[in-house]
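Structure first, then comments.
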Amino acid sequence: MSSICDICAKEPYAHSFKKVGEKRGIAIFYSKPSEAKHYDDTEGILKHVDRAITAHGKKWMCVIDGNQFDAKYTLEYKTGMGLMDLFFTKHMDTLVEVKVINPTIYIRTVMKFLLQFIGEDKLSKITVLDDKPYSILQFI
């Protein structure tokens, strides 16, 4: 793991982004921002995410768990903008889907802001699941 992120090697869950499985050759990454110890480390988070996706090198999807995402995380819009750039520009060719589970009102607000910066082709890769409580186990 240290080759992906030196910070997370020393302090697990510093950035809350990890590969949790693979299904039909598609890597499944999971992030729960409310569990990230260093949720305000934009540079570190973006470096971690980029290295993790690059290390896999094939098709991938991301499950973002919005559970307990509250007001303090909405201030980290630079992280959200950076993730959108990584997902929908740098790694768009290998991205299969982004699933957002358990969204709070705050994550919906952040998404509404961020989604205005991407096109329809990219929007089609985002699915928001809010009809019931979800667990990452349902996707791996």
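Bear in mind these aren't lab numbers, they're just calculated from the coordinates by the rules spelled out. Note that the structure is a prediction, hence the values are computed from the model and not measured. Note: ideal-geometry Cβ built from the backbone for every residue, glycine included; neighbour counts use all protein chains shown.
Identify, among TYR106, HIS48, ALA27, the residue whose Cα sits farthest towards the positive end of the charge dipole of segment 6-138, taking +1 on the Cβ of Lys and Arg and -1 on the Cβ of Asp and Glu, with the dipole about the Cα centre.
After comparing all options, I get ALA27.
Do any cysteines in the chain lack another Cys Cβ under 4.7 Å, and if so which?
CYS62, each lacking another Cys Cβ under 4.7 Å.
Could you tally the net charge around LEU95, taking each other residue with its Cβ under 10 Å from the Cβ of LEU95, Lys/Arg +1 and Asp/Glu -1?
Every neighbour counted, the sum reads +2.
Jot down the radius of gyration and Dmax of segment 47-96, Cα atoms only, both in angstrom.
Cα radius of gyration and Dmax of segment 47-96 are 12.1, 34 Å respectively.
Can you give me the orientation-averaged projected area of the convex hull built on the Cα atoms of segment 1-66, in nm²?
The directionally averaged projection comes out at 4.1 nm².
In what order do SER124, SER34, SER135 fall by count of nearby beta-carbon atoms within 10 Å, going from fewest to most?
Working: SER124 9, SER34 19, SER135 12.
With the fewest neighbours first, SER124, SER34, SER135 line up as SER124, SER135, SER34.
What is the set of long-range amide H partners of LYS32 at a cut-off below 5 Å, with H atoms built 1.01 Å from backbone N?
It is ASP65, by chain and number.
Over what distance in Å are the Cα centres of segment 1-58 and segment 71-105 separated?
Rounded to whole Å, the Cα centres lie 13 Å apart.
So if I average 1/r over every pair of distinct C-alpha atoms in the chain and take the inverse, what Kirkwood radius in Å does that give?
Computed over the chain, the radius equals 15.1 Å.
Once you list every other residue whose beta carbon is under 9 Å from the beta carbon of PRO33, what net charge do they have if Lys and Arg are +1 and Asp and Glu are -1?
Charge balance in the 9 Å sphere: -2.
With a 10 Å Cβ neighbour count serving as the proxy for reagent exposure, in which order, fewest first, do CYS62, CYS5 appear?
CYS5, CYS62
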